[in-house]
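> The structure is given below, and queries will be raised subsequently.
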Amino acid sequence: MTVQSIRTCLLAIPLTACLTLIAVAVTTTTATATGNPALTATVSGKPAPTAVRLELPRPTGPDAVGRDILYLVDSSRKDPWVPDSGPRRLMVSMYYPARSATGDPAPYMTTAEAASLLRRKAPGVELPPETVSATRTYAHTGALAKRGRYPLVVLSPGLGLPRASLTFLAEDLASRGYVIALVDHAYESSGTTLPDGQIITCAPLCDQPKPPEGGQATITKNRTKDVSFVIDELAGRHPAWEKSRMIAPKRIGMAGHSLGGDASAATMAVDKRVRAGVNLDGTFHPAVTLDRPFLLLGSQADHVPGKDDTWDASWPKMSGWKRWLTVAHTSHTGFTDLTILQKAVGMSAPDELSPQRSLELTRAYVGAFFDLHLKGKKQPLLSGPSSANPEVAFHNP
């Protein structure tokens, strides 16, 4: 399979955010001075010009970033995908503004999660899972919280992708003064490590020959229940997080990639606590009606007016503040950390934005959106096209 055919596969199935990195041989080289494994990729028999490390972009805000991991159990409902497993269980990564020089570096994901990600999404790639799990991050575990009250933003990944795929955005928003709840929806991820060490995957849902009854909308509806439960656990009367006093409960937003973006709109429709939402390159199931601020941010290839009829149908039903933006020369995975992995194994198209640039743009516009609607700060960046960001187009069909 050629690089172009693999890229076509990636762009053809945006709803599940499926990565198929087939026929890419990767060999591990020496570790770098920081301890992160370096790698050299071979695509179509041609070695990459230089060895590279997997590293997330540095957060842009002034604050250090802390990270906690929560294990939440919703005893009020059984898991919809594996009822025999018992009540709905969720792993949530909490990112927050922290005091500098406290805590230890946070791992990107567990080695078992990385192995599951590669096995399910990259079956032909000879890449040690340690290379992925050692991806450089900027959050710290056990970091002391910075004093203050901050807006809460819930993040939801694409179907079949781990919550770690939105780490770049979680770290950046936390550095800008937000508390972030990055949710791993059980049995909807490539791999989730539970506290007892068990790994659960998307197999019961993603490997069945057809979507569940009701289609993708059923999965989205389940995610709205997950998110409302998480908000209850974080901002309710008996919070499950020891740092819950950091959260300003009347300033809550949500963003998601792919099906997670669909879930952002669907959650806003049923949970009025969510004041503002973002859809990153996701199709709606079905079209939505909203009266609060919402940002559509997608790839130019798939989401200019006339490309996605669910965006076309939803746009006139959004009566609150709204923006429809598209980014040129980027793909579905360009709004996630996985674009870094693609680049590392030599799979980016010649005209595709670099991971640094595509993630920079995503951070800038999502951050500006929440600064405007959860902090009340004026954001000229959202008023119209910018000469500094020629890749981003504004649409108002």
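The values are calculated or read from the model by the stated rules, or taken from the named source; none is laboratory data. A quick note: this is a predicted structure, and the numbers were derived from the prediction, not measured. No Cβ is skipped: glycine too gets one built from the backbone with ideal geometry, and neighbour counts run over all protein chains shown.
> Name the one entry in Gly334, Gly384 that is out of contact with any helix residue (DSSP H, G or I) (no Cβ under 7 Å at 6 or more places or on another chain) and not in a strand (DSSP E or B).
Gly384
> Does any residue of the range 277-289 turn out to be under 22 Å from Gly306 (Cα atoms), among the aromatic types (Phe, Trp, Tyr) and in contact (Cβ under 8 Å) with a residue 12 or more places away in the chain?
Yes; the residues of the range 277-289 include at least one that is under 22 Å from Gly306 (Cα atoms), among the aromatic types (Phe, Trp, Tyr) and in contact (Cβ under 8 Å) with a residue 12 or more places away in the chain.
> Might you check whether a residue that is within 21 Å of Val73 (Cβ to Cβ), of a type outside the set (A, V, I, L, M, F, W, C), assigned to a helix (DSSP H, G or I) and at pLDDT below 95 occurs anywhere in the range 218-233?
No; the residues of the range 218-233 include none that is within 21 Å of Val73 (Cβ to Cβ), of a type outside the set (A, V, I, L, M, F, W, C), assigned to a helix (DSSP H, G or I) and at pLDDT below 95.
> Criterion first (small (Gly, Ala, Ser) and farther than 17 Å from Ile200 by Cα) does Gly86 satisfy it?
Answer is no for this residue.
> So for the range 183-199 (the condition being among the acidic types (Asp, Glu) and part of a helix (DSSP H, G or I)), does at least one residue qualify?
Scanning the range 183-199, I find no residue that is among the acidic types (Asp, Glu) and part of a helix (DSSP H, G or I), so the answer is no.
> Which pairs turn up if I take residues in the range 352-365 that are within 13 Å of Ala388 (Cα to Cα) and look for partners that are of a type in the set (Ser, Thr, Tyr) and modelled with pLDDT of 95 or more with beta carbon separation below 6 Å, at least 6 apart in sequence or on another chain?
Once the first residue is within 13 Å of Ala388 (Cα to Cα) and sits in the range 352-365, no partner that is of a type in the set (Ser, Thr, Tyr) and modelled with pLDDT of 95 or more comes close enough.
> Ok, one more. For residues that are crowded, with 22+ Cβ neighbours inside 10 Å and among the polar types (S, T, N, Q), tally how many sit in the range 202-221.
1
> Give the residues of the range 182-199 that are of a type in the set (A, V, I, L, M, F, W, C) and either under 16 Å from Thr111 (Cβ atoms) or out of contact with any Ser or Thr (no Cβ under 8 Å at 6 or more places or on another chain) (or both), sorted by residue number.
Leu194, Ile199
> Tell me yes or no: at least one residue of the range 238-248 is of a type in the set (Gly, Ala, Ser), within 22 Å of Arg292 (Cα to Cα) and either touching a residue at least 24 places away in the same chain (Cβ under 8 Å) or not in a loop (DSSP other than H, G, I, E, B) (or both).
Yes, some residue in the range 238-248 is of a type in the set (Gly, Ala, Ser), within 22 Å of Arg292 (Cα to Cα) and either touching a residue at least 24 places away in the same chain (Cβ under 8 Å) or not in a loop (DSSP other than H, G, I, E, B) (or both).
> Considering the range 249-304 alone, what residues qualify as being aromatic (Phe, Trp, Tyr) and touching a helix residue (DSSP H, G or I) at 6+ places or on another chain (Cβ under 6 Å)?
Hit for the range 249-304 is Phe284, nothing else.
> Could I ask something else about it? With the structure loaded, tell me whether Pro105 is more than 18 Å from Val183 (Cα to Cα) and either touching a helix residue (DSSP H, G or I) at 6+ places or on another chain (Cβ under 6 Å) or basic (Lys, Arg) (or both) or whether it fails that test.
no
> Same structure again: Tell me whether the range 302-310 contains one or more residues that are free of Cβ contacts under 8 Å to residues at least 40 places away in the same chain, assigned to a helix (DSSP H, G or I) and under 14 Å from His257 (Cβ atoms).
Looking for residues that are free of Cβ contacts under 8 Å to residues at least 40 places away in the same chain, assigned to a helix (DSSP H, G or I) and under 14 Å from His257 (Cβ atoms), one finds at least one in the range 302-310, hence yes.
> Hey, another quick one. Can you pull out the residues in the range 337-360 that are part of a loop (DSSP other than H, G, I, E, B), touching a Ser or Thr at 6+ places or on another chain (Cβ under 9 Å) and under 25 Å from Glu126 (Cβ atoms)?
Correct list: Asp337, Val345, Gly346, Ser348, Ala349, Glu352, Ser354.
> Another one. Only one residue in Ser85, Ser76 is surrounded by 14 or more Cβ atoms within 10 Å (Cβ to Cβ), modelled with pLDDT of 95 or more and either over 25 Å from His257 (Cβ atoms) or aliphatic (A, V, I, L, M) (or both). Which one?
Ser85
> If I ask for residues that are surrounded by fewer than 21 Cβ atoms within 10 Å (Cβ to Cβ) and under 16 Å from Ser156 (Cβ atoms), which ones from the range 233-258 would you list?
Correct list: Glu233 only.
> Can you confirm whether the range 152-173 contains a residue that is at negative phi, surrounded by fewer than 23 Cβ atoms within 10 Å (Cβ to Cβ) and part of a loop (DSSP other than H, G, I, E, B)?
The answer is no; no qualifying residue exists.
> Going by the conditions given, is Glu126 surrounded by fewer than 20 Cβ atoms within 10 Å (Cβ to Cβ) and either modelled with pLDDT under 95 or outside any loop (DSSP other than H, G, I, E, B) (or both)?
yes
> Within the range 115-139, how many residues are under 20 Å from Arg67 (Cβ atoms) and hydroxyl-bearing (Ser, Thr, Tyr)?
Qualifying residue count for the region: 4.
> Further, regarding this structure: Which residue, of Ala114, Ala134, Ala139, Ala145, is under 22 Å from Ile247 (Cβ atoms) and surrounded by 21 or more Cβ atoms within 10 Å (Cβ to Cβ)?
Ala139
> Still on this structure, please answer the following. Could you say whether any residue in the range 273-286 is modelled with pLDDT under 95, surrounded by fewer than 24 Cβ atoms within 10 Å (Cβ to Cβ) and not in a helix (DSSP H, G or I)?
yes
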